[in-house]
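The values are calculated or read from the model by the stated rules, or taken from the named source; none is laboratory data. Note that this is a predicted model, so its numbers are computed, not measured. Note that we place each Cβ from the backbone using ideal geometry, even for glycine, and neighbour counts take in every protein chain shown. Only protein heavy atoms, including side chains, enter the accessible area calculation; ligands, DNA and RNA are left aside. Shrake-Rupley method; radii C 1.70, N 1.55, O 1.52, S 1.80 Å.
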Amino acid sequence: MRGLQSVLMLRTLIIVILCLLPTAAWAQSVVLRASDVLPLLTEAAPDAFYVNGTAVHGLGVEAETPFVSHDAQRLAVSLVALRLIDQGKLSLDTPVAQILPELIEKNPFRVALTLRHLLTETGGFAVPPVATDGPPENLTPFLIELRTPGQVSAPDPTGLDLLELLVARTTSQSVQETIALELFKPLGLHDKNSATDSATLASKTVTLSPKILAHLAILLLRNEQSDGTPYLSDLSYEMLMEGVLWLFHPLGPERSAAGYLQRRAGRSWVEINPGFVVFPREGAAFISPRVMVGGSDIAARFKQAIWRIAEENFPPHSGSTTRLEAARALAPPADLGGRYTRADRPSAWLRARVDNMAENWIRVNEMADGNLRVTMSSPAHEAFGDAPPQGTLTFQPKAPYHYTSDSGERLTFSPVRAGGYLYLDGVLYRYTGLLGNIPFLLSLLPWVFAALTSAALHLQSNLGKPWRRMALFSLIGSALIGGGLYAEWALWPTVMYEWDSPALITLWRSGLNIGLMLVLSLPLFALSFVRRGPMPEKGWALILAGPHLALISIAAMTLFLITVAVGLAGTFTAL
């Protein structure tokens, strides 16, 4: 009997060991052979290298060459911010207005901007038309919020500037000094060759190098300082690598404090930048400095190479069905069709908005079988790499607001219809509808102003003051609107950033909106004349007066709709 029990216990022990073996395997980095991986990486990006556990492969002679990348700098500042949270000096949801009241106004009727928004690039700030080398001396002209904080995530250089100032205010020293003390020193990089010398500290940016990126990758994979102790607390490290701080849709884009959380075919990774991709579960990171500084021409090839490596070397793991269940629990949408304009670089400059709306758009049409047909504009979007699909793509529904194509592209709409946003393979679009057809609207603009200025024919009208007043309102309103549009188109960046005179912008925007009020009164004049008079009683005036009033009224409404489409109607202040 005892012998039988011993055999059963031995069998049970063997079964338990066999069950635990896969768990132990997951706890170790997947070993990637350089002879297999490097040729694929360097074919896509010659300067690429990868980190496997603590080993760095392919880092060449340019390891110490400094470069500037906003995404790499954001990662460095985010790491420091999380460390300050661990030290109790910052809180994830403390309103920024409490720390920087001179920059962010405390408004109880608006969503409060917090550190969470800055870490996930959901602050909603406009992208400035001029590049900033770190936080400018006066950041106020750049703090133009075009979206409610927390709505969508998109590249946000102004949010990065604000995050750096927040860190600097909290530590009472420059962000460069804080990064040197709280990041480079714990990693054993605090010396004159680590891009933290006096020249760097005197500048407004943190200069990095491929060598430093390799150390940051190891930190992201292991959460260890140079002495082997944890760099971040478990909670902060989770927020960095897998904590969902912002969610667009249960199956759509997610953000951690480090970057976008990506999931595909049973594999998950963090994309800090198309040139900096980390697989924390497998203990591997792939880096291309060239892609990180804006090599969009090779970014798609680099990402394809990474995915091929992942498919060949990283076994899929069983994922949770919670996200799919949450997505399928959403109420199906009533209408998703229409025109959408690319919105991942929101601009406060009229020319940039108009150019973007004219060139970067998609049209979504719902078909009878429930599929969506998506027509894309030219030029091609980098979401599809070097070989973009021509014409249209067809997407099949997988869950409410979430669709996929046969070739793997993902189309995800915001479940909150008030926002009107969608992500097409990671590229953000905003619903603009009929008013988004900017080329057509702009083609009407000369005719609209011609119709409005034709009201000058009634300046000397003998039908009474109302007719002469209508003509005067039409001319003055057209002049104010035309002047405001020209100033927005040609002068806005100069006045805003070179002259630092937002009051002047407020002045011409106020004039433009006063002009709109005058022009919108024209249909009321026309209606009054038709119903009550006075109207011409003989000759050509009798025949033409009615159509001319209708033409002026249509022109007035069209001009108003154009200003609505380009985001100027009702906007008075510059900030």
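Observations, loosely collected:
- Note on the range 521-537: residues that are within 53 Å of the chain's Cα centre (by Cα) and of a type in the set (D, E, K, R) amount to 1.
- Single unsatisfied condition, Gln73 versus (1) polar (S, T, N, Q); (2) open to solvent by less than 20 Å² (accessible area, probe 1.4 Å); (3) outside any helix (DSSP H, G or I): (3)
- Selection of strands (runs of 3 or more DSSP E) fully inside the range 375-469 by the criterion of at least 1 residues being modelled with pLDDT under 95 and within 19 Å of the chain's Cα centre (by Cα) returns 410-413, 421-424, 427-431.
- Among residues of the range 489-500 being in a helix (DSSP H, G or I) and touching a Pro at 6+ places or on another chain (Cβ under 7 Å), the one that is farthest from Thr140 (Cα to Cα) is Pro493.
- Restricting attention to the range 350-363, the residues that are surrounded by fewer than 19 Cβ atoms within 10 Å (Cβ to Cβ) and touching a helix residue (DSSP H, G or I) at 6+ places or on another chain (Cβ under 6 Å) add up to 2.
For (1) outside any loop (DSSP other than H, G, I, E, B); (2) at pLDDT 95 or above; (3) over 30 Å from Val566 (Cα atoms), each residue gets a yes or a no:
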| site | (1), (2), (3) |
| --- | --- |
| Asp161 | yes, no, no |
| Thr178 | yes, no, yes |
| Lys192 | no, no, yes |
| Ala195 | no, no, yes |
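- Unmet requirement for Ala368, which otherwise passes all of (1) of a type outside the set (Ser, Thr, Tyr); (2) open to solvent by 40 Å² or more (accessible area, probe 1.4 Å); (3) over 30 Å from Leu485 (Cβ atoms); (4) modelled with pLDDT under 90: (4)
- Looking only at residues in the range 482-500 that are among the hydrophobic types (A, V, I, L, M, F, W, C) and over 16 Å from Pro128 (Cβ atoms), the one that is least open to solvent (accessible area, probe 1.4 Å) is Ala487.
- Some residue of the range 83-92 being of a type in the set (D, E, K, R) and over 22 Å from Pro230 (Cβ atoms): no
- Counting only residues that are in a loop (DSSP other than H, G, I, E, B), at pLDDT 95 or above and either of a type in the set (Gly, Ala, Ser) or open to solvent by 20 Å² or more (accessible area, probe 1.4 Å) (or both), the range 230-243 holds 1 of them.
- In the range 110-149, the residues that are surrounded by fewer than 19 Cβ atoms within 10 Å (Cβ to Cβ) and either within 16 Å of Leu75 (Cα to Cα) or small (Gly, Ala, Ser) (or both): Ala112, Ala131, Gly134
- Any pair with Cβ under 7 angstrom, 6 or more apart, that starts in the range 472-496 at a residue that is within 25 Å of Ala456 (Cβ to Cβ) and among the basic types (Lys, Arg) and ends at one that is modelled with pLDDT under 95 and not in a helix (DSSP H, G or I): none
- Those helices (runs of 4 or more DSSP H) of the range 249-339 in which 2 or more residues are open to solvent by less than 30 Å² (accessible area, probe 1.4 Å) occupy 289-292, 296-313.
- Some residue of the range 26-48 being in a helix (DSSP H, G or I), under 30 Å from Phe279 (Cα atoms), open to solvent by 60 Å² or more (accessible area, probe 1.4 Å) and at pLDDT below 85: yes
- Of all residues making up the range 96-130, the number that are touching a residue at least 24 places away in the same chain (Cβ under 8 Å) and assigned to a loop (DSSP other than H, G, I, E, B): 17
- For the range 150-159, the set of residues classified as open to solvent by 10 Å² or more (accessible area, probe 1.4 Å) and assigned to a helix (DSSP H, G or I) consists of Pro157 only.
- Checking Thr341 against (1) closer than 17 Å to Arg263 by Cβ; (2) touching a strand residue (DSSP E or B) at 6+ places or on another chain (Cβ under 8 Å), the condition it does not meet: (1)
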